[in-house]
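Sharing a structure with you now.
Every number in this text was worked out from the coordinates using simple rules, so none of it is lab data. Remember, it's a predicted structure, so these values are computed and weren't measured experimentally. Virtual Cβ from ideal backbone geometry, glycine too; neighbours counted across all protein chains shown.
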Amino acid sequence: MTMNKEKLGIHEVSGQFICSSQAMDDVYRLAFQQAALHAENLHWLPDVPEEGKQRIALALKEDRLEAGVLNQAGEVYAGLILLSPLWMMKEGSLQSGMQMDDVIVDKAQRGRNLGQYAISYAAFQSSRKGGRFLGWECEEGNSASKVYEIVGAHKRREKPFRLAKEDIDKIKSDGGNTSIFRVESMSDIFNKKAGVFPTAPGIRDPISNLYDSILYDENGFFQAGCLVSQRISVLRTLGYKPDGIHEESPTGYQIESIDFSKNLSQKQVDIAAVKLIDQTVGILRKGEKGCDFVDIVGYPQDRTMLTLAEHYGAAVTSYTGSPSTLWMLDGSSFKKAAMTGAKLELK
């Protein structure tokens, strides 16, 4: 038992990125362990293991999810990282990174530094794709917070406010004067907001991970905008659902970096904020995968955020009763973690 708690050296651990056809048994085993940790707050929907594996494999195949695994000295996979792209405005510039939707360590291997290695490997994956940060969500009071601080991560001041399926169903908009563009380059967003493209092309089916959503007035001028990244949950993918929430699926979105025209008054900003969210969700809902939850990220004391929270009856996201905290690994800590993660790459 004591030996199991000995810390693993970096030479004893390797990382590997997998695709939809690889290691589904190990991925499912680790994902099922994660679900079991929340057994008191989750219910198992009618399902069988093979269906759960197929759902995860499909999410990987459709690029809605990327999976990295940690292999302990050539043995079975001892950890699992599930990642999706995430863009946000940071320090006045548009930056790309990765969101760690789930990080799971085999229960028999916890306490052996695998959590730190998992985060480092995720930072490496973000860095190799040109990302400059790694973000994730964790409930306050989670013991894993100690690991996050060790690798140099910090808590964001912003909070995620959850619109659940029943909240989304109340929104009547079908898009209106809002258009969602797939983000193909950083210049796309700035060009559109500068008025280079004052009118939007046809609405595209939102099936990729990254979008820029823009609200126009009746004359086609920019009123408000936000960045939209797709979210996915391994628990929902497997068929679990949070207690009391019905008909949820893996597909959700995170709305970040809400921005407004400088020509709007505060009252107009409040109106535009609600319209932007209404119409953005209306478009997302029409996509092939639907839209079963949305996290709106903002400062909890910001007037616009308070307006949105009151309008939708939204509260800070919580899974087991504690409010969620957003974590960020960036700057020199991100670079250091990515360098460690690069050493884990399976040769």
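What is the spin-label model distance, in nm, from Ala342 to Ser145 if the labels are put 7 Å beyond Cα along the C-beta direction?
3.3 nm
Using 1/(1 + (r/R0)^6) with R0 = 30 angstrom and r between the beta carbons of Lys90 and Ser173, what's the FRET efficiency to the nearest 0.05?
For Lys90 and Ser173, the calculated efficiency is 0.55.
Hey, which of these cross-link pairs are over 27 Å Cα-Cα: Lys7/Lys129; Lys107/Lys159; Lys61/Lys286; Lys129/Lys286; Lys155/Lys286; Lys61/Lys335?
Beyond 27 Å: Lys7/Lys129; Lys107/Lys159; Lys129/Lys286; Lys155/Lys286; Lys61/Lys335.
For Ala315, what is the net charge nearby, where nearby means another residue's Cβ is under 12 Å from its Cβ and Lys, Arg count +1, Asp, Glu -1?
Result for the local shell: -1.
For segment 52-137, what does the alpha-carbon gyration tensor say about shape, rounded, prolate or oblate, given a ≥ b ≥ c as the root eigenvalues, a/c under 1.5 as rounded, and a/b over b/c as prolate?
Judged from the Cα gyration tensor, segment 52-137 comes out oblate (a/c at least 1.5, b/c at or above a/b).
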